[in-house]
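Heads up: the structure comes next, in structure tokens.
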Amino acid sequence: MKKYRCTVCDWIYDPAVGDPEGGIAAGTAFEDIPNDWVCPVCGVGKEDFVEEPD
């Protein structure tokens, strides 16, 4: 699964890890995260994330 980077703070969403503190289980694809989820570091929404190249 693809990783996604926050364009504001550079935090990486890794689906293998998820965001347990944000209620996102490991193994959750970025596309499957609810639209109201926010970056755990800076608080911006999914629209401010970009796909990381392989």
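The values are calculated or read from the model by the stated rules, or taken from the named source; none is laboratory data. Owing to the predicted nature of the structure, the values given are computational and were not obtained by experimental measurement. Every residue, glycine as well, gets a Cβ built from its backbone with ideal geometry; the counts of neighbours run over all protein chains shown. Just the protein is used for accessible areas: all its heavy atoms, side chains included, with ligands, DNA and RNA removed. Shrake-Rupley method; radii C 1.70, N 1.55, O 1.52, S 1.80 Å.
For (1) out of contact with any Leu (no Cβ under 8 Å at 6 or more places or on another chain); (2) aromatic (F, W, Y); (3) open to solvent by 70 Å² or more (accessible area, probe 1.4 Å), each residue gets a yes or a no:
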| site | (1), (2), (3) |
| --- | --- |
| V17 | yes, no, yes |
| W37 | yes, yes, no |
| F49 | yes, yes, no |
| E52 | yes, no, no |
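Please name all residue pairs, on different chains or six or more residues apart, with Cβ atoms under 6 Å, provided the first residue is in segment 1-30 and is modelled with pLDDT under 95 and the second residue is open to solvent by less than 40 Å² (accessible area, probe 1.4 Å).
These pairs meet every condition: M1/P15; M1/A29.
Just need a number here: residues in segment 1-18 that are among the basic types (K, R) and either part of a loop (DSSP other than H, G, I, E, B) or touching a Pro at 6+ places or on another chain (Cβ under 8 Å) (or both). Full working, then the answer.
Initially, segment 1-18 is screened for residues among the basic types (K, R), giving 2-3, 5.
Remaining after also requiring either part of a loop (DSSP other than H, G, I, E, B) or touching a Pro at 6+ places or on another chain (Cβ under 8 Å) (or both): 2-3.
Residues flagged as among the basic types (K, R) and either part of a loop (DSSP other than H, G, I, E, B) or touching a Pro at 6+ places or on another chain (Cβ under 8 Å) (or both) within segment 1-18 amount to 2.
Can you name the condition, by its number, that C42 falls short on among (1) part of a strand (DSSP E or B); (2) in contact with a Cys (Cβ under 7 Å, 6 or more places away or on another chain)?
Just one mismatch for C42, condition (1).
Scanning segment 19-35 for residues that are assigned to a loop (DSSP other than H, G, I, E, B) and of a type in the set (V, I, T), which turns out least open to solvent (accessible area, probe 1.4 Å)? Quick ask: steps written out before the conclusion?
If we filter segment 19-35 for residues that are assigned to a loop (DSSP other than H, G, I, E, B), which is where we start, we get 23, 25-29, 33-35.
Cutting the leftovers down to of a type in the set (V, I, T) gives us 28, 33.
On the way: T28: 33, I33: 5 Å².
By that ranking, first place goes to I33.
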